[in-house]
Amino acid sequence: MVKAMARERLYLFDTTLRDGAQTNGVDFTVADKLAIASMLDELGIDYVEGGYPGANPTDTELFGKDRGFGTTFTAFGMTRRPGRSASNDPGLAALLEAKADAICFVAKSWDYHVKVALETTEEENLASIRESVRAAKAKGREVLLDCEHFFDGYKANPKFALACAKAAYDEGARWVVLCDTNGGTLPDEVESIVREVVKVIPGDHVGIHAHNDTEQAVANSLAAVRAGARQIQGTLNGLGERCGNANLVSIIPTLRLKPEFAERFDIGVSESALKKLAHVSRTLDERLNRAPNRHAPYVGDSAFATKAGIHASAIMKDPATYEHVAPEMIGNRRKVLVSEQAGKSNVLAELERVGIKVDKDDPRIGRLLEVVKEREAIGYAYEAADASFELLARRTLGKVPNYFDVTQFDVNVEQRNNAKGQRVTVTMAVVKVRVGDDNMISAAEGNGPVNALDLALRKDLGKYQKYIAGLKLTDYRVRILNSGTEAVTRVLIESEDEQGERWTTVGVSPNIIDASFQALMDSIIFKLVKSGAPA
Ligand SMILES: [Zn+2]
């Protein structure tokens, strides 16, 4: 009998909250950090690096008390400064005081940096590593050492780079992490250097920390695993300074779904947790107030989107024909785009996805396709606006109730001097709505005409108000299109409900307020349909 080979454990280390916090425009609060850390904990990430206690008030507060995570909550900091004793270094003391399960030290491993940046000797650098690891171990912490510039250092002086790593390992560090700090190392170099390192330090004590400066941080991380490393450090959505860190959101599904890795390794992220990955990725973007990258591998909106008609008909027969993995595995979804060159099969597939049952020979499908083509010719973009497409389809099939009518609206923009003599612009919208036999008038001020109109429109919808209470606008995009002699404006609005579900609607008109109004109306009506509001 052939015994199945036991799978090796591969560990994941997230540094979104430390290295990822170096991203331009990212500024986490303690509440942000706690929310993201719990999300990573639930996902099954082995280590979550929370920050650098002692270096800033946020991180000092974060590590000020025990947070009770299941993950190994890790504090980051420097080894003791050259020329000081471990017991007489305030930075190290703050790190040792932190309420953390593990401490990740960073130390130089490139002789050039030791000389030029630290202005000390190689021997003093090694002593600093040894004493810092010893001090943290004595405090009962699990210890990791990030070897800064390891790959560049190894190329310049392999003996010294290895000596730094070995010093930490010999002193009892659980992990020695090889950092490609400048991010310029290529996968074949990473693989051959890691192969040399694991001859000296066992691979199940070696980690990789890759930066994305040649767009290969993910490839470099996988190359290191191939060569024997057993810990991968990275961030959610590849956050990080310059071009970012290795993207765990791409690495995790690759490890779980690609046989080369899935058959050899176990990771802490379970099959069911993997199904939340797309949600995790979007939730982080939402916290950072960024529009998600539609083209992100595995989790992006377009990752499983198909446009050409011929592909669409094959996908309907068997999705595997044009998909490298099933989108549901990572909580994403298949999307067949409806566009100018789309065939009937695209429309059918899209109807099926949004849950509209219709016979494939139903003549109304041909009519829907005609309408889509006509409207796309004048500027509508249904492939970007799935919710508007769904409404159009439901209307063509006679399935959208007439919930309410907007009988009139008025938007007023006024620029004048205020009481202090300052120039101000004031915007106000008034909307008249009829719901059944009730007539309502709502007014709202906004920071612009579209904002005012949106607020007035959603202020009072009578009996439908409760269905739209959790609705909010998350993105608003405008494009001027030149169709023939006349320029028209296309507005795309992204909305979100209380469950975090997002949809996009579209409006087109020569008038930007009018185009915005159409997209706003579609968004509200879509929400009513989705919530099953009675007619
Ligand atoms: Zn880094």
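The values are calculated or read from the model by the stated rules, or taken from the named source; none is laboratory data. Everything numeric here is computed off the predicted structure, so don't read it as measured data. Every residue, glycine as well, gets a Cβ built from its backbone with ideal geometry; the counts of neighbours run over all protein chains shown. Calculation scope for accessible area: heavy atoms of the full protein, side chains included, ligands and nucleic acids excluded. Shrake-Rupley method; radii C 1.70, N 1.55, O 1.52, S 1.80 Å.
General observations
- Taking segment 358-370 as the range and being touching a helix residue (DSSP H, G or I) at 6+ places or on another chain (Cβ under 8 Å) and either without any contact (Cβ under 8 Å) to a residue 24 or more places away in the chain or surrounded by 15 or more Cβ atoms within 10 Å (Cβ to Cβ) (or both) as the test, the residues that pass are Val358, Lys360, Ile365, Gly366, Leu368, Leu369.
- Checked against the criterion of being open to solvent by 40 Å² or more (accessible area, probe 1.4 Å), more than 12 Å from the ligand (Cβ to nearest atom) and in contact (Cβ under 8 Å) with a residue 12 or more places away in the chain, the candidates Val200, Val206 yield just one match: Val200.
- Pair list, Cβ under 7 Å, 6 or more apart: segment 396-417 residue under 30 Å from Ile365 (Cβ atoms), other residue in a loop (DSSP other than H, G, I, E, B): Leu397/Ile356; Leu397/Val358; Pro401/Ala535; Tyr403/Ala533; Tyr403/Ala535; Phe404/Leu461
- In segment 178-195, the residues that are assigned to a helix (DSSP H, G or I) form Cβ pairs under 9 Å with partners that are open to solvent by 30 Å² or more (accessible area, probe 1.4 Å) and within 16 Å of the ligand (Cβ to nearest atom), at six or more places apart or across chains, as follows: Pro187/Gln216; Val190/Gln216.
- Complete set of residues in segment 501-535 that are out of contact with any helix residue (DSSP H, G or I) (no Cβ under 7 Å at 6 or more places or on another chain), open to solvent by 30 Å² or more (accessible area, probe 1.4 Å) and small (Gly, Ala, Ser): Gly532, Ala535
- Extreme residue, surrounded by the fewest Cβ atoms within 10 Å (Cβ to Cβ), among residues of segment 483-500 that are over 21 Å from Val400 (Cβ atoms) and among the small types (Gly, Ala, Ser): Gly484
- Applying the set (1) within 16 Å of the ligand (Cβ to nearest atom); (2) touching a helix residue (DSSP H, G or I) at 6+ places or on another chain (Cβ under 9 Å); (3) under 19 Å from Ala246 (Cβ atoms) to Ile36 leaves exactly one unmet item: (1).
- Among the residues of segment 1-23, those that are loosely packed, with under 15 Cβ neighbours inside 10 Å and either of a type in the set (A, V, I, L, M) or within 15 Å of the ligand (Cβ to nearest atom) (or both) comprise Met1, Val2, Ala4, Met5, Ala6.
- Only residues that are out of contact with any helix residue (DSSP H, G or I) (no Cβ under 9 Å at 6 or more places or on another chain) and at positive phi were counted across segment 244-290, and they come to 1.
- The number of residues in segment 477-533 being of a type outside the set (A, V, I, L, M, F, W, C), modelled with pLDDT of 90 or more, part of a loop (DSSP other than H, G, I, E, B) and more than 29 Å from the chain's Cα centre (by Cα) comes to 3.
- Selection of segment 224-253 for residues being open to solvent by 20 Å² or more (accessible area, probe 1.4 Å) and closer than 21 Å to Arg294 by Cβ yields Asn237, Cys243, Asn247.
- Pairs meeting the criteria (first residue in segment 13-24 and touching a residue at least 60 places away in the same chain (Cβ under 8 Å), second residue near the ligand (Cβ under 9 Å from one of its atoms) and assigned to a loop (DSSP other than H, G, I, E, B), beta carbons under 7 Å, at least 6 apart or on different chains) are Asp19/Gly240; Gly20/Gly240; Gln22/Gly240; Gln22/Glu241; Thr23/Gly240; Thr23/Glu241.
- Of everything listed in (1) at pLDDT below 95; (2) over 29 Å from Glu494 (Cβ atoms), the single unmet condition for Leu284 is (2).
- Residue within segment 210-223 that is open to solvent by less than 40 Å² (accessible area, probe 1.4 Å), part of a strand (DSSP E or B) and not aliphatic (A, V, I, L, M) present: yes
- Helices (runs of 4 or more DSSP H) fully within segment 230-325 counting 2 or more residues that are within 16 Å of the ligand (Cβ to nearest atom) and touching a residue at least 12 places away in the same chain (Cβ under 8 Å): 248-257
- Among the conditions (1) closer than 28 Å to Glu42 by Cβ; (2) in contact with a Pro (Cβ under 6 Å, 6 or more places away or on another chain); (3) not in a strand (DSSP E or B), Thr120 misses just one, which is (1).
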